[in-house]
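Working notes, beginning with the structure itself.
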Amino acid sequence: MEANRRGGLRKVATEEACSVPEVAAQLRQASRALGPSLDLPLVSGIYNARAEEQPPYLRELLDFGAGRLADMDANGVDMHLLSLTAPGVQMFDADTAVELARVANDALAAAVKKHPTRFAALASFAPQDPGRAVREMERAINELGMNGFIVNSHTNNEYLDEQKFWPILEAAEAMDRPIYIHPRAPSDGMAAPFRNYAMETAVWGYGMETGTHAVRLMLGGVFDRFPKLRIVLGHMGEAVPFWLWRLDFMGRPSNVTFRRSRPNQLLPSEYFRRNFAITTSGVEDHLALRYSIDKIGVDNVMWAIDYPYQPTAPAVKFIETAPLSTAEREKVAHGNAERIFRIRTA
Ligand code: 1WB
Ligand code: MN
């Protein structure tokens, strides 16, 4: 039993990025192409940079052994819930994406098998081909024993509320496993104002893109069709918790002003409390944490680091010093993640 490594709070970090050489090589290829995708600058900076300009991310992403465990040990982190880093396989053609999702899932599952008390993992799939995506999702859960799914927001500028993606939502609901919607840069249709000042990145564009995705699912009535589907959002809910009052007022089913485009049967906040959970990745703000817990319920908030893009030590200090009751802290630091992602506890 590796829990409570320093005799203190058990900590399961829930948005922890990694990569595999095959995916890194394809992203390096992709980042040399010209095209409108706003993911290209950041992907190029990580996978296609000259050695002296290369941030340390790539080395850290590819390490799900000694280096990562050393960082966890040094900071008293019990577990990483691993996921293939953004934009995952979603910039590739369907055949490449299907193959690379399989390769990445095999690699992550092998890391979990080697260190079952330190790692759990989310599975990737290729939304470009919903039929094959569902088969990989089923393989990931039933054969590889993975914990849920990750998707990096839009795929070729399309969002999961589109009917073509419904088999993916149906499969996640049927297997009772969450889909973590992780950010990527804004889709082509919303890209223009994000093209300056690196605004397409995690500084702002990531959150706007992903929050918009979540609102599409709620206002599109997706959770009337899939009432048990669970979506996880990082970054303290990508600003959606702060916007719920207005979403409810303007997006209430009875608002006749917008009846033409109002398929949702419930209030957005009802979906958000029933069908979503959020993680704290990259938002180490005690006031935002307190607000989120009070707004959407303590059972729906999970701690995360966003390793290696954010340093571990401040994220640990954030949860250890948060103004929470003991019971709340235990839920946010590990209990909710263990329940929602069905992570083994011993
Ligand atoms: C960064 C953050 C870059 C994330 C990423 O590249 C991802 C960054 C794919 O801060 O530079 C992330 O997952 O938050
Ligand atoms: Mn992240």
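Descriptive notes on the structure:
- Looking across the stretch 291-308 at every residue that is surrounded by 20 or more Cβ atoms within 10 Å (Cβ to Cβ) and aromatic (F, W, Y), the one that is nearest to E238 (Cα to Cα) is identified as W303.
- Taking the stretch 55-102 as the range and being out of contact with any helix residue (DSSP H, G or I) (no Cβ under 7 Å at 6 or more places or on another chain), of a type in the set (A, V, I, L, M, F, W, C) and farther than 27 Å from H154 by Cα as the test, the residues that pass are A66, L69, A70, M72, A74, M79.
- Of all residues in the stretch 187-228 being closer than 19 Å to A239 by Cα and among the β-branched types (V, I, T), the one that is surrounded by the most Cβ atoms within 10 Å (Cβ to Cβ): T210
- Where a residue in the stretch 82-96 is in a strand (DSSP E or B) and its partner, wherever it lies, is basic (K, R) and within 16 Å of ligand 2 (Cβ to nearest atom), with Cβ under 7 Å and at least six apart: none
- Among the residues making up the stretch 77-108, those that are among the acidic types (D, E) and over 18 Å from D39 (Cβ atoms) are D78, D95, E99, D106.
- Any hit, the stretch 253-263, residues being of a type in the set (A, V, I, L, M), more than 20 Å from P178 (Cα to Cα) and touching a helix residue (DSSP H, G or I) at 6+ places or on another chain (Cβ under 9 Å): no
- Some residue of the stretch 304-316 being farther than 19 Å from T212 by Cα, touching a residue at least 12 places away in the same chain (Cβ under 8 Å), away from ligand 2 (no atom under 16 Å from the Cβ) and among the hydrophobic types (A, V, I, L, M, F, W, C): yes
- Residues that are under 17 Å from T14 (Cβ atoms) number at least 1 in the following helices (runs of 4 or more DSSP H) confined to the stretch 172-244: 205-219, 235-238.
- Evaluation of R118 against (1) closer than 26 Å to D73 by Cβ; (2) basic (K, R); (3) free of Cβ contacts under 8 Å to residues at least 40 places away in the same chain (one fails), failing number: (3)
- Single match in G237, G282 (criterion: under 16 Å from the mean Cα position of the chain (by Cα) and touching a residue at least 60 places away in the same chain (Cβ under 8 Å)): G282
- Selection within the stretch 129-166 - small (G, A, S) and part of a loop (DSSP other than H, G, I, E, B): G145, S153
- Only residues that are at positive phi and assigned to a helix (DSSP H, G or I) were counted in the stretch 264-297, giving 0.
- Residue that is nearest to ligand 1 (Cβ to nearest atom) [pool: residues in the stretch 11-65 that are of a type in the set (G, A, S) and in a loop (DSSP other than H, G, I, E, B)]: S19
- The stretch 193-217, residues that are closer than 19 Å to R273 by Cβ and among the charged types (D, E, K, R): R216
- Only one of the numbered conditions (1) farther than 22 Å from L122 by Cα; (2) free of Cβ contacts under 8 Å to residues at least 40 places away in the same chain; (3) within 16 Å of ligand 2 (Cβ to nearest atom); (4) of a type outside the set (V, I, T) is violated by L42, and that is (2).
FYI, it's all coordinate maths here, none of it is from the lab. In this text, all values refer to a predicted model and were calculated from it rather than measured experimentally. Every residue, glycine among them, receives a Cβ derived from its backbone with ideal geometry; neighbour counts consider all protein chains shown.
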